[in-house]
Amino acid sequence: MSVPSIKPLAAGWILGVLALTACDAGKPTASQAQASTGAMAFRLDESKLPQVAGFKASDLDANTGACSDLDAYVNGKWKAANPIPSDRTDWGLYEMMSERSLAVQHQLAAHAGSMEGSGVEKIIGDLWVTGMDAAKRDAQGIQPLQSRLDTIAALDDGESIAEFLRQSHAKGEGFVFSFGPSPDFRDSNVNIAYVVQDGLGLPDRSYYFDADKKDARDAYQAHIAKVLEMSGTPAADAAAQAKDVMAFETRLAKVSKSSEELSRDTALYYNPVSVADADKLAPHFPWSRFFASQGLEAPKMFSLAMPAFQREFDRMLADVPAPTWKSYLRFHTVDSAAPFLSDAFARQYFEFHDKALNGQKKMKEPWKRVLGTIDGQAGEAMGQLYVKAAFPADSKAKVLEMVQNMREVLKARLEKLEWMGDATRQKALAKWATFTPKIGYPDTWRDWSGLRTNRDSYIGNVLAANEFNYKWNLGKIGKPVDRSEWGMSPQTVNAYYNPQLNEVVFPAAILQPPLFDPKADDALNYGNTGATIGHELMHGYDDQGSRFGPGGNFENWWTDADAKGFTARSEKLVRQFDAYEALPGMKVNGRLTLGENIADLGGIEVAYDAMKKAAGNTPDPMVEGMSRDQRFFASYALSWRSTMTPESLKVLVASNPHAPANFRAIAPPANMPEFAAAFQCKEGDAMVRSGDKRVVIW
């Protein structure tokens, strides 16, 4: 859910990079912060952690050859034997590693909750204890939100609604639009303010219009009515108000950009305007007053993105009746807070967002839900404890070695690229030279000393953390970008690339077996973690990352001829994915997923080159009867071991820039002659794309 955002607003959020940032003063070093946790006298109980199996040749499906379907060959037997757990909408290698990370965090949070701690231990302990106290949450019911609902009930015109929106944003509970800092597209060394469309309760604008999504619309309207009724609105009135809220959001959806547009045209986020010009565009919501309400001086310039959306929002303040606005605000206030209220509200939230929309059969256990809250509100605080307990020091050194090896082979590829001219090549190499890898955890930890939590109220702690994080982020507007900041917590099983900082970031939790094992051979490590490193590196050269220059600024560093060559090659990848059918009658959107697909293809190619470089002239070990190359490609496919509920798959195809995992496992290797040679595949095999069908970009 995006409205209101009871979650910390992230710097770098403009590009979908959830980058939290460090404070400018009082920052302890990583070693100091870790040393402070020693007071916990905590020792991780490894026996209570789930084990995640790595690659085994015995897992291969002899009935499905690698040349027909690499994913089925490597993962088919596992999928058949491992149904999706009832409390999840997808299940695979990343999810299993996430479960292990959660089990580590479970021990850490429970220990923090058992003591009278200070600093990050107190924050985690307070969130843990109040989140796990179901009896207190049930007794409090909706009471913690009552003052907010009373304020909404008193709104009577557009001006009072506008003032409510301003004050809500000041507490980090924004409606309709998102607001926060990110580097200036034209000067990535400075953070500016961005305003971006928001306000929809469904995953994408298409959900409000497409015929095949009518069931989702009906379920959403019923959910709106139920939430309003649970908040105190009579049932008949709640049903009528739910129709009004749907009409309200449908009007917003008409002027909203789609997920595809937002993923494939980064420029949509950048519309620099003066505050005076913004006031003219939105006379009913003057942005000069908004900045003042947030405690900010009016800047010389900020980005008022998606101006058509902003104009319509302004019109709606003038012509939408106050009762409709109040229904919309009341519903989203309660729905966004529902996971942190009584069990009845949390269950209703689950019934729509997780079950109806994504096909999840059972709610996650309370401890998992509370850990999700801790990660969202105080992720880096938990990260300090996680790193000390679960991240071996030698892993960081080994991964840095892999990154350096891959950077060298990437440079060699750029230098030899036949279709690129010298002028563009020099810029590409300049960008390569400025890549920054971040491995495991931040060198400096964020200072949490201003956050006040207690053991009185779960939603109270969540709202306090939300406001603290929001104000902390606003403090960056107009300030230099702190390039030491991280956008993911160390306990996250994921990685990212930030084009404005030209950095690749790999949290500690993804750098653990079986995705990465310092004791494993190069074929396995380069096939999975190496391909992931390559993927993030190649995001700097995908269809959107390539629009940012060596310094992280939004600029055109391409000659016209090279840009046309790049586009022509990319279009072939669009067509390749457009042909994949995710569900009967539902094809993958090759345009929406283009950036990720470019990164996948280039990433595995760079990883393969790096593996060969690391192996040098050493003999092929032929482990379990498989060659080094075969194990590399099998390890790559293993990293995409995953299944999804049909409902969740529909949401992903409609709104997510990532293609379904099974296609990510097969598409890149199918374009590589090295794969065909490794498994003796022949022309005409499904996993062999040759001639004009083969996609070659980087």
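The values are calculated or read from the model by the stated rules, or taken from the named source; none is laboratory data. These numbers were taken from a predicted model, which means no experiment stands behind them. Neighbour counts run over all protein chains shown; Cβ positions are idealised from the backbone, glycine included.
Any idea how many residues of region 525-553 are over 30 Å from ARG628 (Cα atoms), assigned to a helix (DSSP H, G or I) and touching a residue at least 60 places away in the same chain (Cβ under 8 Å)? Outline the logic, then answer.
Taking region 525-553 and keeping what is over 30 Å from ARG628 (Cα atoms), we get 543-553.
If we keep only those that are assigned to a helix (DSSP H, G or I) as well, we get 545-547.
Those still in the list that are touching a residue at least 60 places away in the same chain (Cβ under 8 Å) too: 547.
Residues that pass the stated criteria total 1.
Looking at region 503-524 only, could you name the residues that are assigned to a helix (DSSP H, G or I) and under 27 Å from GLY379 (Cα atoms)?
Listed by number, the residues that qualify are ALA508, ALA509, ILE510.
So which helices (runs of 4 or more DSSP H) stay within region 107-205 end to end and still have 3 or more residues that are at pLDDT 95 or above, of a type in the set (Ser, Thr, Tyr) and not assigned by TED's automatic domain parsing to the domain that holds VAL255?
Correct list: empty, since no element meets the threshold.
Within region 584-624, how many residues turn out to be under 23 Å from the mean Cα position of the chain (by Cα) and at pLDDT below 95?
0
Any idea which of ASP343, ASP314, ASP319 is farther than 21 Å from ALA465 by Cβ, modelled with pLDDT of 95 or more, surrounded by fewer than 20 Cβ atoms within 10 Å (Cβ to Cβ) and touching a Pro at 6+ places or on another chain (Cβ under 8 Å)?
The match here is ASP314.
How many of the residues making up region 264-308 are surrounded by 16 or more Cβ atoms within 10 Å (Cβ to Cβ) and free of Cβ contacts under 8 Å to residues at least 12 places away in the same chain?
Of the residues in that region, 2 qualify.
Given the criterion touching a residue at least 12 places away in the same chain (Cβ under 8 Å), closer than 30 Å to LEU357 by Cβ and in contact with a strand residue (DSSP E or B) (Cβ under 9 Å, 6 or more places away or on another chain), identify the matching residue among ASN589, ASN656, ASN597, ASN662.
ASN662
Would you mind finding the one in LEU463, LEU400, LEU414, LEU451 that is part of a loop (DSSP other than H, G, I, E, B) and surrounded by fewer than 22 Cβ atoms within 10 Å (Cβ to Cβ)?
Numbers: LEU463 fails: part of a loop (DSSP other than H, G, I, E, B); LEU400 fails: part of a loop (DSSP other than H, G, I, E, B); LEU414 fails: part of a loop (DSSP other than H, G, I, E, B).
Just a single option satisfies the conditions, and that option is LEU451.
Looking at ALA62, ALA66 in this structure, which one is in a loop (DSSP other than H, G, I, E, B), assigned by TED's automatic domain parsing to the domain that holds PRO442 and free of Cβ contacts under 8 Å to residues at least 12 places away in the same chain?
So the residue among ALA62, ALA66 that is in a loop (DSSP other than H, G, I, E, B), assigned by TED's automatic domain parsing to the domain that holds PRO442 and free of Cβ contacts under 8 Å to residues at least 12 places away in the same chain is ALA62.
From GLY440, GLY450, which residue is without any contact (Cβ under 8 Å) to a residue 60 or more places away in the chain, under 24 Å from VAL120 (Cβ atoms) and in contact with a helix residue (DSSP H, G or I) (Cβ under 8 Å, 6 or more places away or on another chain)?
Checking each option against the conditions leaves just GLY450.
Find the residue count for region 392-438, including only residues that are at pLDDT 95 or above and small (Gly, Ala, Ser).
The qualifying residues number 6.
Which of the numbered conditions does GLY616 fail, given that it passes all the others? Conditions: (1) farther than 30 Å from GLU351 by Cβ; (2) surrounded by fewer than 20 Cβ atoms within 10 Å (Cβ to Cβ); (3) touching a helix residue (DSSP H, G or I) at 6+ places or on another chain (Cβ under 9 Å).
(3)
Just give me the residues in region 254-305 being among the aliphatic types (A, V, I, L, M), in a helix (DSSP H, G or I), over 29 Å from ASN589 (Cα atoms) and in contact with an Asp or Glu (Cβ under 8 Å, 6 or more places away or on another chain), in sequence order.
The one that is among the aliphatic types (A, V, I, L, M), in a helix (DSSP H, G or I), over 29 Å from ASN589 (Cα atoms) and in contact with an Asp or Glu (Cβ under 8 Å, 6 or more places away or on another chain): LEU281.
Have a look at MET672, MET611, MET687 and point out the one that is buried (at least 20 other Cβ atoms within 10 Å of the Cβ) and in contact with a Cys (Cβ under 9 Å, 6 or more places away or on another chain).
MET687
The conditions are (1) part of a helix (DSSP H, G or I); (2) within 30 Å of PRO442 (Cβ to Cβ); (3) of a type in the set (S, T, N, Q), and SER327 fails exactly one of them. Which is it?
(2)
Residue under question is TYR636, and the condition is that it be modelled with pLDDT of 95 or more, under 17 Å from ASN75 (Cα atoms) and touching a helix residue (DSSP H, G or I) at 6+ places or on another chain (Cβ under 7 Å); does it hold?
Here the answer is yes, as TYR636 does meet what is asked.
Only one residue in PHE340, PHE352, PHE331 is under 20 Å from ILE224 (Cβ atoms), among the aromatic types (Phe, Trp, Tyr) and touching a His at 6+ places or on another chain (Cβ under 8 Å). Which one? I'd like the intermediate steps shown before the answer.
Values: PHE340 fails: touching a His at 6+ places or on another chain (Cβ under 8 Å); PHE331 fails: touching a His at 6+ places or on another chain (Cβ under 8 Å).
Exactly one of PHE340, PHE352, PHE331 is under 20 Å from ILE224 (Cβ atoms), among the aromatic types (Phe, Trp, Tyr) and touching a His at 6+ places or on another chain (Cβ under 8 Å), namely PHE352.
Starting from region 558-571, keep only residues that are under 18 Å from ALA599 (Cβ atoms) and free of Cβ contacts under 8 Å to residues at least 60 places away in the same chain, then list their pairs with residues that are charged (D, E, K, R) and not in a helix (DSSP H, G or I) whose Cβ atoms are within a distance under 9 Å, requiring at least 6 positions of separation or different chains.
THR567/ASP543
Can you spot a residue in region 368-391 that is modelled with pLDDT of 95 or more, basic (Lys, Arg) and under 25 Å from LYS213 (Cβ atoms)?
no
What residue, among those in region 377-394 that are surrounded by fewer than 20 Cβ atoms within 10 Å (Cβ to Cβ) and part of a helix (DSSP H, G or I), is nearest to the chain's Cα centre (by Cα)? Show your work before the answer.
First, pick out the residues of region 377-394 that are surrounded by fewer than 20 Cβ atoms within 10 Å (Cβ to Cβ): 389, 392-394.
Add one more test, that the residue is part of a helix (DSSP H, G or I), and what stays is 389, 393-394.
Details: ALA389: 25, ALA393: 26, ASP394: 27 Å.
Per the criteria, the residue is ALA389.
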